[in-house]
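The values are calculated or read from the model by the stated rules, or taken from the named source; none is laboratory data. Fair warning: this is a prediction, and the values are worked out from it, not measured in the lab. Positions of Cβ are generated from backbone atoms using ideal geometry, with glycine treated the same way; all protein chains shown enter the neighbour counts.
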Amino acid sequence: MATGYKGYMGKVLDIDLSSKKTSEYPLSDGDRELFVGGKYLSTKILWDNLKPGIDPMGPDNILVVMTSPLTGSGAPCSSRYNISAKSPLTGGIGHSNSGGNFGIHLKRAGFDGIVIRGGSDKPVYIEIDSGNVSIKDAKSLWGLDTEKTQEKLGKGGKMVIGPAGENKVLYASVVSQERMHGRCGLGAVMGSKNLKAIVARGSKKVPVHDEVLFSKLRKRWAKDLQKHPLTGDVYPRYGTASFLAILNPGNTLPTHDFSKGSFENADKISGERLAEKYMTRNFGCVSCPIRCGRRVMVDGKEVKGPEYETLALFGSNLEIDSIEKINEWNYKMDLLGFDSISAGTTIGFAMELNEKGLWDNGLTFGNLENISQVLDDIAYRRGIGNELADGTKRLAARYGGEDFVPHVKGLEMAAYEPRGSVGHGLGYATASRGGCHLDAGYIVIYERIVPTHWDPYDTRSKPSLTVLSQSLMGGLSSIGSCLITGLAAFPPISLKVKKDSRLENVITQVLTKSYKSVELTLRLPANMLSIHLPFSMVPHTKIFEALTGMRFRLGELLYLGYRGYTLERCFNLREGFSASDDILSKRFTTVQQLPGKPDSKVKLSEMLPVYYRLRGWDESGIPKASELKRLKLDFVNV
């Protein structure tokens with residue numbers, strides 16, 4: 001359906017792989033106003049079209065590929081697009097956002113998104129060429145890795161699966177260029193539909209509401225990002241790998257299957273060492289001035305290097321200190337097409353099961369000799385790889401280890417030990433898709449990574465901070481912005497405060513005790529937040545208005561986050577989840593990480609009731625009718 005707003009192409013494809021029929025999905029401007037794009041607009045489509053209890057790997061599941069207004073607009077860091085479905089790994093809402101160039105090319109082809117239904121009886125791929133859609137035989141592509149598949153598809157934007165997706169590894173990825181839609185197993189959903197790839201090409205331009213203002217703001221935003229010490233210096237030099245050296249001394253680096261938070265050989269796998277010894281150059285997504293990607297050499301070939309998550313989960317978490325091997329494994333997983341976060345966490349859990357005599361699998365901490373073979377076995381479901389391919393939740397159900405298994409709602413935890421960052425632990429427990437650092441609100445940023453931070457062990461301040469950050473990050477993702485741009489919200493002067501100084505301690509106390517003002521902000525009506533924050537901190541709202549012509553102040557951004565997060569909650573409730581799933585294993589909630597420091601465990605029982613209240617949910621974690629009305633989710637019944 002056509003739209004009255006700019007930034008959109010005005011069409012969403014609806015493709016049924018069973019009947020091979022294509023049509024246009026009837027998306028209204030009302031839905032665009034409430035959910036904008038990306039993961040939240042996709043969740044609304046899933047809510048409207050999926051029956052509760054369907055098999056995530058069956059033809060009744062729907063795969064939604066969705067761009068956002070900023071996608072392809074030329075705004076900084078805006079090559080993002082989202083894939084959503086019911087997750088085969090968790091059984092709940094599954095979404096994964098990534099860079100790569102597919103979203104840009106899809107909009108150039110004239111479409112904002114694709115709704116994919118049913119399943120093919122043989123391997124196929126979808127080709128979208130300047131508005132023309134065809135479903136083609138993919139027999140010659142089946143079995144190829146993600147790199148060779150993209151090469152075979154020629155020009156345009158591509159999103160593809162590798163052998164892991166074909167073999168329905170429950171955490172299989174979807175790949176665009178070298179960027180991964182890693183989480184939730186959406187590559188397995190494509191594999192279950194016999195859909196090897198989608199390719200899009202075209203020459204249309206994204207329409208802009210106020211071209212003069214948008215161009216001015218776009219250029220200013222790029223300059224601001226390049227001048228900021230985080231997005232203009234630290235990230236271009238070290239990328240996300242810069243976190244490793246910061247988190248290790250704070251006992252937040254997962255080590256020995258998340259049993260502790262520091263690794264004695266952390267310097268050997270740090271971002272600084274990667275940059276000094278192995279990085280050939282940095283790179284970035286289309287229109288990105290930050291360029292946080294790493295390039296390294298593997299077997300004489302320059303390839304994408306590992307992010308922080310891979311360095312930590314295949315390094316300290318497995319007690320391995322070889323960057324050379326981690327570089328190799330990272331490239332192998334990209335080619336095979338599966339999530340390095342779930343893989344590293346699952347292998348670490350399997351090592352502890354073996355160590356405790358619960359599962360004799362041949363995997364031991366510190367032994368890097370058989371990891372490469374295990375990664376192949378996961379992708380092709382051979383030997384122990386067949387069981388590792390199902391993730392930690394299913395391994396714990398078979399072999400035990402429920403008290404220390406590192407997952408939430410079936411999704412493996414990302415590379416942050418929550419007992420060193422208890423607000424991040426609350427974020428894990430309440431995250432819509434499970435053990436995800438981004439859905440968690442990335443609270444570890446506020447607790448550990450920036451110098452002026454909240455007390456990482458304080459519980460009273462964390463529910464409000466978690467709700468606020470989850471909502472802001474969800475909103476930014478849905479409008480099409482890379483979340484790394486949010487780091488520029490920290491004033492540069494705050495990053496110059498010396499660690500462990502008197503000033504740092506004073507600022508920490510002030511921030512930690514500011515929770516009452518944050519709680520008040522969370523319950524304000526949107527019209528009382530009809531402001532733009534300083535452009536250098538949060539430029540997103542002004543540039544979004546200039547692009548689309550849609551009213552979008554701080555209130556609209558926050559309410560987009562509240563609304564989308566609550567709809568995801570309702571989706572999970574409809575699928576059988578409850579407050580009993582907002583948990584972490586006993587290791588993280590009852591065992592002190594640091595001897596003599598009782599605060600070094602995640603006290604969910606203290607934080608969850610406050611979190612639910614601030615969300616407008618009842619004591620059972622169910623959104624109240626009044627909250628659904630406030631968020632214009634009147635169509636929801638839970």
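Would you tally the residues in the range 109-124 being outside any strand (DSSP E or B) and either within 25 Å of the chain's Cα centre (by Cα) or buried (at least 24 other Cβ atoms within 10 Å of the Cβ) (or both)? Of the residues in the range 109-124, 3 are outside any strand (DSSP E or B) and either within 25 Å of the chain's Cα centre (by Cα) or buried (at least 24 other Cβ atoms within 10 Å of the Cβ) (or both).
Name the residues in the range 286-321 that are hydroxyl-bearing (Ser, Thr, Tyr) and touching a His at 6+ places or on another chain (Cβ under 9 Å), would you? Walk me through how you get there before you give the answer.
Taking the range 286-321 as the starting set, the residues that turn out to be hydroxyl-bearing (Ser, Thr, Tyr) are 287, 308, 310, 316.
The answer is 316, and nothing else.
Looking across the range 369-380 at every residue that is touching a residue at least 12 places away in the same chain (Cβ under 8 Å) and buried (at least 18 other Cβ atoms within 10 Å of the Cβ), the one that is farthest from residue 256 (Cα to Cα) is identified as 379. Need pairs with beta-carbon distance below 6 Å; first residue outside the structural domain of residue 474 (by TED's automatic domain parsing) and within the range 83-100, second assigned to a loop (DSSP other than H, G, I, E, B) and hydroxyl-bearing (Ser, Thr, Tyr); sequence gap 6+ or separate chains. Partner pairs satisfying both residue conditions: 89/171; 93/432; 94/87; 99/79.
Give the residues of the range 14-46 that are surrounded by fewer than 15 Cβ atoms within 10 Å (Cβ to Cβ) and at negative phi, sorted by residue number. Before the answer, list the steps.
Taking the range 14-46 first, the residues surrounded by fewer than 15 Cβ atoms within 10 Å (Cβ to Cβ) are 18-21, 23-24, 26, 28, 30.
Listed by number, the residues that qualify are 18, 19, 21, 23, 24, 26, 28, 30.
Assess whether residue 127 counts as being assigned to a strand (DSSP E or B) and either touching a residue at least 12 places away in the same chain (Cβ under 8 Å) or hydrophobic (A, V, I, L, M, F, W, C) (or both). Spelling it out, residue 127 is indeed assigned to a strand (DSSP E or B) and either touching a residue at least 12 places away in the same chain (Cβ under 8 Å) or hydrophobic (A, V, I, L, M, F, W, C) (or both).
Is it the case that the range 525-545 has a residue that's assigned to a helix (DSSP H, G or I) and surrounded by fewer than 16 Cβ atoms within 10 Å (Cβ to Cβ)? For the range 525-545, residues assigned to a helix (DSSP H, G or I) and surrounded by fewer than 16 Cβ atoms within 10 Å (Cβ to Cβ): present.
Screening residue 341 on (1) part of a helix (DSSP H, G or I); (2) over 20 Å from residue 406 (Cα atoms); (3) hydrophobic (A, V, I, L, M, F, W, C) shows it passes everything except condition (2).
Starting from residues that are outside any helix (DSSP H, G or I) and in contact with a Gly (Cβ under 7 Å, 6 or more places away or on another chain), keep the ones in the range 455-481 and report whichever is nearest to residue 33 (Cα to Cα). Steps first, answer last, please.
Restricting attention to the range 455-481, the residues satisfying the condition of being outside any helix (DSSP H, G or I) are 455-461, 480-481.
Remaining after also requiring in contact with a Gly (Cβ under 7 Å, 6 or more places away or on another chain): 456, 480.
On the way: 456: 36, 480: 14 Å.
Among residues in the range 455-481 that are outside any helix (DSSP H, G or I) and in contact with a Gly (Cβ under 7 Å, 6 or more places away or on another chain), the one nearest to residue 33 (Cα to Cα) is 480.
Yes or no, residue by residue, for (1) outside any helix (DSSP H, G or I); (2) at positive phi; (3) among the hydrophobic types (A, V, I, L, M, F, W, C); (4) in contact with a helix residue (DSSP H, G or I) (Cβ under 7 Å, 6 or more places away or on another chain):
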site: 147; (1), (2), (3), (4): no, no, no, yes
site: 151; (1), (2), (3), (4): no, no, no, no
site: 154; (1), (2), (3), (4): yes, yes, no, no
site: 158; (1), (2), (3), (4): yes, no, no, yes
site: 165; (1), (2), (3), (4): no, no, no, yes
site: 169; (1), (2), (3), (4): yes, no, yes, yes
site: 175; (1), (2), (3), (4): yes, no, yes, yes
site: 186; (1), (2), (3), (4): no, no, yes, no
site: 190; (1), (2), (3), (4): no, no, yes, yes
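Scanning the range 287-307 finds no residues that are touching a strand residue (DSSP E or B) at 6+ places or on another chain (Cβ under 9 Å) and assigned to a helix (DSSP H, G or I).
Answer yes or no: is there a residue in the range 298-306 that is within 29 Å of residue 483 (Cβ to Cβ), over 19 Å from the mean Cα position of the chain (by Cα), surrounded by fewer than 17 Cβ atoms within 10 Å (Cβ to Cβ) and at pLDDT 95 or above. Checked against the condition, which is being within 29 Å of residue 483 (Cβ to Cβ), over 19 Å from the mean Cα position of the chain (by Cα), surrounded by fewer than 17 Cβ atoms within 10 Å (Cβ to Cβ) and at pLDDT 95 or above, the range 298-306 yields at least one hit.
Yes/no per residue for (1) surrounded by fewer than 16 Cβ atoms within 10 Å (Cβ to Cβ); (2) within 16 Å of residue 246 (Cβ to Cβ); (3) of a type in the set (A, V, I, L, M):
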position: 259; (1), (2), (3): no, no, no
position: 262; (1), (2), (3): no, yes, no
position: 274; (1), (2), (3): no, yes, yes
position: 282; (1), (2), (3): no, no, no
position: 289; (1), (2), (3): no, no, no
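If you go through the range 349-364 and keep only what is farther than 13 Å from residue 402 by Cα and outside any loop (DSSP other than H, G, I, E, B), you end up with 351, 354, 355.
Listed by first and then second residue, the pairs linking a residue in the range 286-308 that is of a type in the set (Asp, Glu) to a residue that is outside any loop (DSSP other than H, G, I, E, B) and buried (at least 17 other Cβ atoms within 10 Å of the Cβ), with Cβ atoms under 7 Å apart and 6 or more places separating them unless they lie on different chains, are 307/239; 307/240; 307/241.
Residues in the range 408-428 that are under 15 Å from the mean Cα position of the chain (by Cα) and outside any loop (DSSP other than H, G, I, E, B) were compared, and the one that is surrounded by the fewest Cβ atoms within 10 Å (Cβ to Cβ) is 412.
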